[in-house]
Amino acid sequence: MRRIGILTGGGDCPALNAVIRGVVEKCALEDIEVFGFADGWRGALHADGRVLTLDDVEGIQTLGGTILGSSRTNVMKTENGPEMVRASMEKLGLEGIVAIGGDDTLGVANQLFDMGMNMVGVPKTIDNDLSCTDFTFGFDTAANIVMEALDRLHTTAYSHGRVMVVEIMGRHTGWIALQGGLAGDAHVIAIPEFPLHIDDICRIVTERKERGKRYSVVAVAEGATIEGFHVDEGELKKDAFGNAALPDRAIGHKLAQEIQRRTGIETRDIVLGHLQRGGSPSAFDRVLGARMGAKAAEQVISRNYGCMVGLSATKIICTPLKNALSTRKEVDAELYEVAKLFCR
């Protein structure tokens, strides 16, 4: 019997379990056994995990998180890491691994593929910033959580005549802040791709009050650049992949203080943080995850390794794994201009 491995790496994400089920269900049709590694690449390093049965995956597409666990383990920063993964695959009799993750997890998969190990990638990030796919699963759920939060904050901001600054995930790109902010009727949306000046933010807030509007809602991505305004982040800790861990209550908190100082309008801030990752996935993400999982399994069945699955229009496609890691997908100007129409 053929056997493959599967793992989920990096931050947890809604619909990971839908992908896992899609892989297991499709592989079962061809009598291919699926070994689930525990905690991402850490499990692959130590051959830690278990075989996943159809009973194990039944109904899990409704659950948030991942039944396999996750970690930010970097194989390439581990002494003899690639050889440890190769040894684990040989010990467990695996012909390949389906790696579900973002650019860090898939970057490791791509390097291992170049070293002769069979890999299939599935793009996972709520940030929606991976290339070669129109959407990543988890993004829709996160954007809906932001929208729902903004819907609620509108009422309390109106009641008290306040400005509410909402800090949203998005270190390098502003997809969640823009999608959630546009849907949730934010009056200012600040994202990394299109810097805003603090004067323009305060002008919008002030003009709204002068027009008789009692309140304003500001959606700001955690990695947004606000010109004329400096946030001292101090010395940031870095994970195994060299990513800086941005501090909570950094840009959102400081921006709220600056808006209040400049405008005299009472301003509060809130950090949505890990709420955006948690809970059950949306219908869109459940279906997208299931389709991507099934497509990844098809690549295993046909032994088409070294690729990543993705969404193109309405079709699930495959592209070379290395191509998907070549550039970061950023918010385009056309979409941003549409959002600006509603920001006033």
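Once the piece of chain linking residue 328 and residue 270 is laid out straight, how much longer is it, given 0.36 nm per residue of separation minus the C-alpha distance between them?
18.1 nm
Would you calculate the separation in nanometres between label points at residue 261 and residue 91, each defined as 7 Å from the Cα along the Cα-to-beta-carbon direction?
5.6 nm
Restricting to Cα pairs below 8 Å that are 6+ residues apart, what does the relative contact order work out to for the stretch 69-200? Please round to a whole percent.
16 percent
Run the reach check for residue 329 against aspartates and glutamates, Cα to Cα strictly under 12 Å, same-chain hits fewer than 8 apart removed. What comes back?
Counting by Cα, and skipping residues close in sequence, residue 329 has these aspartates and glutamates nearby: 103, 127, 129, 134, 193.
Taking the simple approach of a point 7 Å from Cα along Cα-to-Cβ for both residue 54 and residue 340, what is their distance in nm?
Distance between label points: 5.5 nm.
Got a number for carbon plus sulfur as a percent of the chain's accessible area, 1.4 Å probe? Display every interim value, and only then the final one.
Details: 7060 of 14760 Å².
Result for the chain: 48 percent of the exposed heavy-atom area is carbon or sulfur.
Which residues in the stretch 1-40 place their backbone N less than 14 Å from a point set 7 Å from the Cα of residue 46 along the Cα-to-Cβ direction?
37-40
Considering amide H positions built from the backbone, and no H for Pro or chain starts, which residues 5 or more places from residue 96, or on another chain, come under 5 Å of its amide H?
5
If you roll a 1.4 Å probe over the heavy atoms of the protein chains, what accessible area per residue do you get for the chain, in Å²?
Using a 1.4 Å probe on heavy atoms only, each residue of the chain averages 43 Å².
Would you look at the GNM of the chain, springs on alpha carbons closer than 10 Å, and say which of 123, 281, 82 moves the most?
82
Out of residues 5 or more away from residue 174 or on other chains, whose amide H comes under 5 Å of its own, with H placed 1.01 Å from N in the peptide plane?
193, 331
With each run of n ≥ 4 DSSP H residues scored as -39500 (n - 2.57), what mean residue ellipticity at 222 nm is computed for the chain after dividing by its residue count and rounding to the nearest 500 deg cm²/dmol?
Dividing the helical sum by the residues of the chain leaves -12000 deg cm²/dmol.
Applying 1/(1 + (r/R0)^6) with R0 = 25 Å to the Cβ-Cβ distance of residue 114 and residue 302, what FRET efficiency is obtained, to the nearest 0.05?
0.75
The values are calculated or read from the model by the stated rules, or taken from the named source; none is laboratory data. In this text, all values refer to a predicted model and were calculated from it rather than measured experimentally. Glycine also receives a Cβ, built like all others from the backbone with ideal geometry; neighbour counts cover every protein chain displayed. Heads up: the accessible areas ignore ligands, DNA and RNA and are worked out on the full protein's heavy atoms, side chains in. Shrake-Rupley method; radii C 1.70, N 1.55, O 1.52, S 1.80 Å.
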